[in-house]
Amino acid sequence: MEGKIMQNEFFDVVPLTATPELLDIVDLLSSRDFPIIKRLSNSSKLKIMKDGMNVFSDNGLSLNKIPYVKYAIIEHCNLENKTNDGDITSLISMLNNFIELRHPFEAPVIFDCNLDIEDGFFRSLYIGDKGKNMKLVFAEYVITGKLSELTPGIYTHEIVHSQLENVNGVKNYLNYEVLSVFFDKLTALYLDKSGDLLKKNESLRFNILKQSIYLLLDDNTPLFGKLIASMSVSSLLQAEHLFDKYIYGTASEKNDILEQIQNIFDGKMKVEDLLDSTEITFDNSQSYELIKRHL
(Lines give C-alpha, C1' and ligand atoms only; values in the text may rest on other atoms or scores of the structure.)
Protein backbone atom coordinates (compact mmCIF):
# COMPACT_ATOMS: atom_id res chain seq x y z
CA MET A 1 0.00 0.00 0.00
CA GLU A 2 1.58 3.26 -1.08
CA GLY A 3 2.00 6.20 1.23
CA LYS A 4 0.87 9.71 0.48
CA ILE A 5 3.30 12.41 -0.59
CA MET A 6 3.03 15.84 0.96
CA GLN A 7 4.53 18.20 -1.62
CA ASN A 8 7.24 20.68 -0.74
CA GLU A 9 4.98 23.60 -1.64
CA PHE A 10 2.95 22.84 1.50
CA PHE A 11 5.89 24.00 3.63
CA ASP A 12 7.06 26.80 1.33
CA VAL A 13 5.71 29.64 3.47
CA VAL A 14 7.06 32.68 5.28
CA PRO A 15 5.77 34.13 8.56
CA LEU A 16 2.98 36.68 8.45
CA THR A 17 3.50 40.23 9.59
CA ALA A 18 1.17 41.93 12.06
CA THR A 19 -1.04 44.21 9.98
CA PRO A 20 -3.04 47.17 11.37
CA GLU A 21 -6.15 45.01 10.94
CA LEU A 22 -4.68 42.29 13.16
CA LEU A 23 -3.76 44.89 15.77
CA ASP A 24 -7.37 46.10 15.77
CA ILE A 25 -8.58 42.54 16.23
CA VAL A 26 -6.20 41.83 19.12
CA ASP A 27 -7.38 45.05 20.80
CA LEU A 28 -10.96 43.86 20.41
CA LEU A 29 -10.09 40.51 21.97
CA SER A 30 -7.83 41.81 24.73
CA SER A 31 -10.61 42.23 27.31
CA ARG A 32 -12.35 38.93 26.63
CA ASP A 33 -12.56 36.50 29.55
CA PHE A 34 -11.86 32.80 29.18
CA PRO A 35 -15.24 31.00 29.05
CA ILE A 36 -16.53 28.72 31.80
CA ILE A 37 -16.63 25.29 30.16
CA LYS A 38 -18.67 22.49 31.65
CA ARG A 39 -16.53 19.48 32.52
CA LEU A 40 -17.74 15.91 31.91
CA SER A 41 -17.01 12.66 33.74
CA ASN A 42 -15.11 9.68 32.32
CA SER A 43 -18.42 7.87 31.88
CA SER A 44 -19.18 10.32 29.06
CA LYS A 45 -16.45 9.02 26.71
CA LEU A 46 -18.71 6.90 24.51
CA LYS A 47 -21.27 9.70 24.16
CA ILE A 48 -18.50 12.18 23.33
CA MET A 49 -17.28 9.96 20.50
CA LYS A 50 -20.80 9.34 19.21
CA ASP A 51 -21.58 13.06 19.22
CA GLY A 52 -18.40 13.72 17.24
CA MET A 53 -19.28 11.01 14.71
CA ASN A 54 -22.88 12.09 14.16
CA VAL A 55 -21.91 15.53 12.88
CA PHE A 56 -20.74 13.97 9.62
CA SER A 57 -23.63 11.63 8.87
CA ASP A 58 -26.29 14.11 9.97
CA ASN A 59 -24.86 16.64 7.52
CA GLY A 60 -24.79 14.13 4.66
CA LEU A 61 -21.01 13.67 4.65
CA SER A 62 -19.28 10.33 4.15
CA LEU A 63 -15.73 9.63 5.27
CA ASN A 64 -13.10 7.61 3.48
CA LYS A 65 -11.01 4.80 4.93
CA ILE A 66 -7.45 5.53 6.00
CA PRO A 67 -4.31 3.35 6.07
CA TYR A 68 -4.06 2.21 9.68
CA VAL A 69 -1.58 0.26 11.79
CA LYS A 70 -1.31 -0.18 15.55
CA TYR A 71 1.00 2.34 17.17
CA ALA A 72 2.87 -0.44 19.00
CA ILE A 73 3.79 -1.92 15.61
CA ILE A 74 5.06 1.45 14.38
CA GLU A 75 7.30 1.67 17.44
CA HIS A 76 8.51 -1.90 16.97
CA CYS A 77 9.33 -1.40 13.27
CA ASN A 78 11.11 1.86 14.02
CA LEU A 79 13.20 0.20 16.73
CA GLU A 80 14.03 -2.84 14.62
CA ASN A 81 14.93 -0.64 11.67
CA LYS A 82 17.34 1.38 13.82
CA THR A 83 18.79 -1.73 15.48
CA ASN A 84 19.48 -3.36 12.12
CA ASP A 85 20.77 -0.12 10.59
CA GLY A 86 17.93 -0.31 8.05
CA ASP A 87 16.76 2.27 5.55
CA ILE A 88 13.44 3.87 4.68
CA THR A 89 12.60 1.19 2.11
CA SER A 90 13.01 -1.63 4.62
CA LEU A 91 10.95 0.25 7.21
CA ILE A 92 8.12 0.71 4.71
CA SER A 93 8.36 -2.93 3.75
CA MET A 94 8.02 -4.02 7.37
CA LEU A 95 5.07 -1.73 8.02
CA ASN A 96 3.26 -2.76 4.84
CA ASN A 97 2.77 -6.20 6.37
CA PHE A 98 0.55 -4.66 9.05
CA ILE A 99 -1.30 -1.85 7.27
CA GLU A 100 -5.04 -2.16 6.81
CA LEU A 101 -7.72 0.22 5.58
CA ARG A 102 -10.03 1.35 8.35
CA HIS A 103 -12.90 3.78 8.65
CA PRO A 104 -11.66 6.73 10.73
CA PHE A 105 -14.24 5.94 13.43
CA GLU A 106 -12.50 2.57 13.91
CA ALA A 107 -9.15 4.09 14.87
CA PRO A 108 -8.48 3.96 18.64
CA VAL A 109 -8.94 7.05 20.80
CA ILE A 110 -6.45 7.69 23.61
CA PHE A 111 -7.53 10.19 26.27
CA ASP A 112 -4.47 12.00 27.65
CA CYS A 113 -4.94 14.06 30.81
CA ASN A 114 -1.61 15.82 30.20
CA LEU A 115 -3.15 17.72 27.27
CA ASP A 116 -4.93 21.03 27.79
CA ILE A 117 -8.71 21.15 27.64
CA GLU A 118 -8.73 22.16 23.94
CA ASP A 119 -5.91 19.91 22.69
CA GLY A 120 -5.76 16.80 20.53
CA PHE A 121 -3.86 15.30 17.62
CA PHE A 122 -3.89 12.30 15.30
CA ARG A 123 -0.80 10.17 15.81
CA SER A 124 0.63 9.28 12.42
CA LEU A 125 3.93 8.33 10.84
CA TYR A 126 5.90 10.54 8.48
CA ILE A 127 8.89 9.11 6.68
CA GLY A 128 11.29 11.65 5.18
CA ASP A 129 12.75 11.02 1.75
CA LYS A 130 14.89 13.48 -0.21
CA GLY A 131 13.27 16.64 1.08
CA LYS A 132 9.73 15.30 1.01
CA ASN A 133 7.56 13.94 3.78
CA MET A 134 5.68 10.77 3.00
CA LYS A 135 2.61 10.07 5.09
CA LEU A 136 2.43 6.34 5.37
CA VAL A 137 0.04 5.36 8.14
CA PHE A 138 -2.32 6.61 10.83
CA ALA A 139 -2.35 5.02 14.27
CA GLU A 140 -4.62 6.64 16.85
CA TYR A 141 -6.35 9.79 18.00
CA VAL A 142 -4.91 11.38 21.12
CA ILE A 143 -7.28 13.92 22.66
CA THR A 144 -7.47 15.63 26.00
CA GLY A 145 -8.50 13.54 28.97
CA LYS A 146 -9.88 16.71 30.56
CA LEU A 147 -13.30 15.94 29.19
CA SER A 148 -15.73 18.77 28.61
CA GLU A 149 -18.71 19.80 26.54
CA LEU A 150 -16.23 20.87 23.83
CA THR A 151 -14.45 17.49 23.58
CA PRO A 152 -16.77 16.10 20.83
CA GLY A 153 -15.60 19.00 18.65
CA ILE A 154 -11.96 18.13 19.36
CA TYR A 155 -12.64 14.57 18.21
CA THR A 156 -14.40 15.84 15.07
CA HIS A 157 -11.51 18.23 14.46
CA GLU A 158 -9.00 15.36 14.42
CA ILE A 159 -11.21 13.15 12.22
CA VAL A 160 -11.19 15.94 9.64
CA HIS A 161 -7.38 16.04 9.79
CA SER A 162 -7.26 12.31 9.04
CA GLN A 163 -9.36 12.88 5.92
CA LEU A 164 -7.38 15.86 4.70
CA GLU A 165 -3.94 14.42 5.29
CA ASN A 166 -4.80 11.13 3.62
CA VAL A 167 -5.58 12.90 0.33
CA ASN A 168 -3.22 15.89 0.71
CA GLY A 169 -6.28 18.09 0.88
CA VAL A 170 -4.38 21.26 1.83
CA LYS A 171 -1.85 22.93 -0.47
CA ASN A 172 -0.54 25.57 1.91
CA TYR A 173 0.51 25.11 5.53
CA LEU A 174 -1.09 28.43 6.47
CA ASN A 175 -4.50 26.85 5.70
CA TYR A 176 -3.82 23.64 7.61
CA GLU A 177 -6.45 24.17 10.34
CA VAL A 178 -9.20 25.94 8.35
CA LEU A 179 -11.52 22.99 7.78
CA SER A 180 -10.83 21.29 11.12
CA VAL A 181 -11.68 24.47 13.04
CA PHE A 182 -14.79 24.92 10.87
CA PHE A 183 -15.91 21.47 11.98
CA ASP A 184 -15.35 21.96 15.69
CA LYS A 185 -17.54 25.06 15.37
CA LEU A 186 -20.13 23.07 13.43
CA THR A 187 -20.06 20.40 16.15
CA ALA A 188 -20.69 22.98 18.87
CA LEU A 189 -23.68 24.36 16.94
CA TYR A 190 -24.94 20.84 16.19
CA LEU A 191 -24.88 19.84 19.86
CA ASP A 192 -26.51 23.01 21.17
CA LYS A 193 -28.90 24.82 18.86
CA SER A 194 -29.14 27.71 21.35
CA GLY A 195 -25.66 28.81 20.27
CA ASP A 196 -24.29 28.91 23.83
CA LEU A 197 -21.79 26.09 23.21
CA LEU A 198 -20.71 27.76 19.97
CA LYS A 199 -20.02 30.97 21.91
CA LYS A 200 -17.77 29.00 24.25
CA ASN A 201 -15.99 27.38 21.31
CA GLU A 202 -15.43 30.73 19.67
CA SER A 203 -14.25 32.37 22.90
CA LEU A 204 -11.65 29.64 23.25
CA ARG A 205 -10.61 29.93 19.60
CA PHE A 206 -10.42 33.71 19.83
CA ASN A 207 -8.14 33.37 22.85
CA ILE A 208 -5.81 31.20 20.75
CA LEU A 209 -6.03 33.78 17.95
CA LYS A 210 -5.07 36.57 20.36
CA GLN A 211 -2.09 34.63 21.73
CA SER A 212 -0.94 33.78 18.19
CA ILE A 213 -1.03 37.45 17.15
CA TYR A 214 1.03 38.31 20.25
CA LEU A 215 3.64 35.76 19.10
CA LEU A 216 3.82 37.46 15.71
CA LEU A 217 4.39 40.81 17.44
CA ASP A 218 7.14 39.48 19.72
CA ASP A 219 10.61 39.91 18.21
CA ASN A 220 11.89 37.13 20.49
CA THR A 221 9.61 34.51 18.94
CA PRO A 222 11.83 32.09 16.94
CA LEU A 223 11.16 31.51 13.24
CA PHE A 224 9.50 28.14 13.81
CA GLY A 225 7.23 29.70 16.43
CA LYS A 226 6.29 32.50 14.06
CA LEU A 227 5.41 29.97 11.36
CA ILE A 228 3.10 28.07 13.71
CA ALA A 229 1.56 31.34 14.91
CA SER A 230 1.08 32.43 11.29
CA MET A 231 -0.73 29.18 10.47
CA SER A 232 -2.92 29.62 13.52
CA VAL A 233 -3.84 33.22 12.71
CA SER A 234 -4.49 32.52 9.03
CA SER A 235 -6.49 29.35 9.67
CA LEU A 236 -8.59 30.71 12.55
CA LEU A 237 -9.58 33.86 10.69
CA GLN A 238 -10.48 32.04 7.47
CA ALA A 239 -12.34 29.30 9.38
CA GLU A 240 -14.39 32.01 11.10
CA HIS A 241 -15.10 33.63 7.73
CA LEU A 242 -16.16 30.30 6.21
CA PHE A 243 -18.36 29.46 9.18
CA ASP A 244 -19.92 32.92 9.01
CA LYS A 245 -20.83 32.32 5.37
CA TYR A 246 -22.25 28.93 6.32
CA ILE A 247 -24.47 29.92 9.24
CA TYR A 248 -25.79 33.06 7.54
CA GLY A 249 -26.06 31.46 4.11
CA THR A 250 -29.16 30.18 2.36
CA ALA A 251 -30.00 26.48 2.37
CA SER A 252 -28.53 26.27 -1.13
CA GLU A 253 -25.31 28.00 -0.04
CA LYS A 254 -24.98 25.69 2.97
CA ASN A 255 -25.43 22.63 0.77
CA ASP A 256 -22.86 23.93 -1.70
CA ILE A 257 -20.26 24.33 1.06
CA LEU A 258 -20.95 20.81 2.34
CA GLU A 259 -20.77 19.35 -1.19
CA GLN A 260 -17.39 20.98 -1.71
CA ILE A 261 -16.19 19.63 1.63
CA GLN A 262 -17.22 16.14 0.50
CA ASN A 263 -15.19 16.66 -2.67
CA ILE A 264 -12.19 17.63 -0.54
CA PHE A 265 -12.55 14.47 1.55
CA ASP A 266 -12.73 12.47 -1.69
CA GLY A 267 -9.54 14.05 -3.03
CA LYS A 268 -11.29 15.89 -5.86
CA MET A 269 -10.64 19.37 -4.48
CA LYS A 270 -8.32 21.18 -2.08
CA VAL A 271 -9.23 23.40 0.85
CA GLU A 272 -7.88 26.30 -1.20
CA ASP A 273 -10.45 25.57 -3.92
CA LEU A 274 -13.24 25.93 -1.35
CA LEU A 275 -11.78 29.21 -0.11
CA ASP A 276 -11.55 30.50 -3.68
CA SER A 277 -15.13 29.53 -4.51
CA THR A 278 -16.46 31.26 -1.39
CA GLU A 279 -14.22 34.31 -2.03
CA ILE A 280 -12.39 33.93 1.26
CA THR A 281 -8.83 35.21 1.56
CA PHE A 282 -6.59 35.95 4.50
CA ASP A 283 -6.80 39.66 3.67
CA ASN A 284 -10.60 39.88 3.67
CA SER A 285 -10.80 37.65 6.75
CA GLN A 286 -8.95 40.25 8.85
CA SER A 287 -12.29 41.85 9.56
CA TYR A 288 -12.99 43.64 12.83
CA GLU A 289 -16.72 43.48 12.15
CA LEU A 290 -16.61 39.74 11.40
CA ILE A 291 -14.95 38.97 14.73
CA LYS A 292 -17.18 41.41 16.63
CA ARG A 293 -20.29 39.71 15.22
CA HIS A 294 -19.21 36.39 16.77
CA LEU A 295 -18.21 37.68 20.21
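The values are calculated or read from the model by the stated rules, or taken from the named source; none is laboratory data. No experiment lies behind these values; they were computed from the predicted model shown. So basically every Cβ, Gly included, is an ideal-geometry build from the backbone, and we count neighbours across all protein chains shown.
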- Query: Any residue at all in the stretch 100-117 that is modelled with pLDDT under 95, surrounded by fewer than 19 Cβ atoms within 10 Å (Cβ to Cβ) and within 30 Å of Val13 (Cα to Cα)?
  - Reply: yes
- The one condition in (1) charged (D, E, K, R); (2) over 18 Å from the mean Cα position of the chain (by Cα); (3) under 26 Å from Gln211 (Cα atoms) that Glu272 fails to fulfil: (2)
- What number goes with the only condition from (1) touching a Lys or Arg at 6+ places or on another chain (Cβ under 6 Å); (2) at pLDDT 85 or above that Glu21 does not pass? (1)
- Message: Restricting to the stretch 23-63, name every residue that is among the polar types (S, T, N, Q) and either under 30 Å from Leu215 (Cβ atoms) or surrounded by 15 or more Cβ atoms within 10 Å (Cβ to Cβ) (or both).
- Response: Ser30, Ser31, Ser44, Asn54, Asn59
- Note on the structure: In the stretch 73-99, anything exposed (fewer than 11 other Cβ atoms within 10 Å of the Cβ) and either in contact with an Asp or Glu (Cβ under 6 Å, 6 or more places away or on another chain) or at pLDDT 80 or above (or both) is listed as Asn97
- Note on the structure: Checked the stretch 235-277 for anything of a type outside the set (A, V, I, L, M) and in contact with a Gly (Cβ under 9 Å, 6 or more places away or on another chain); matches are Asn255, Asp256, Glu259, Gln262, Phe265, Gly267, Lys270
- Query: Which ones in the stretch 274-292 are in contact with a helix residue (DSSP H, G or I) (Cβ under 7 Å, 6 or more places away or on another chain), surrounded by fewer than 17 Cβ atoms within 10 Å (Cβ to Cβ) and not hydroxyl-bearing (Ser, Thr, Tyr)?
  - Reply: Leu290, Lys292
- Message: Only one of Phe224, Phe183 is more than 25 Å from Ser31 (Cβ to Cβ), of a type outside the set (Val, Ile, Thr) and surrounded by 19 or more Cβ atoms within 10 Å (Cβ to Cβ). Can you tell me which?
- Response: Phe183
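Go through the residues of the stretch 208-221 one by one and say whether even a single one is under 21 Å from Ile159 (Cα atoms) and either within 18 Å of the chain's Cα centre (by Cα) or surrounded by 15 or more Cβ atoms within 10 Å (Cβ to Cβ) (or both).
Of the stretch 208-221, the ones under 21 Å from Ile159 (Cα atoms) are 208.
Narrowing the set further to residues that are either within 18 Å of the chain's Cα centre (by Cα) or surrounded by 15 or more Cβ atoms within 10 Å (Cβ to Cβ) (or both) leaves 208.
Yes, there is a match, as at least one residue in the stretch 208-221 is under 21 Å from Ile159 (Cα atoms) and either within 18 Å of the chain's Cα centre (by Cα) or surrounded by 15 or more Cβ atoms within 10 Å (Cβ to Cβ) (or both).
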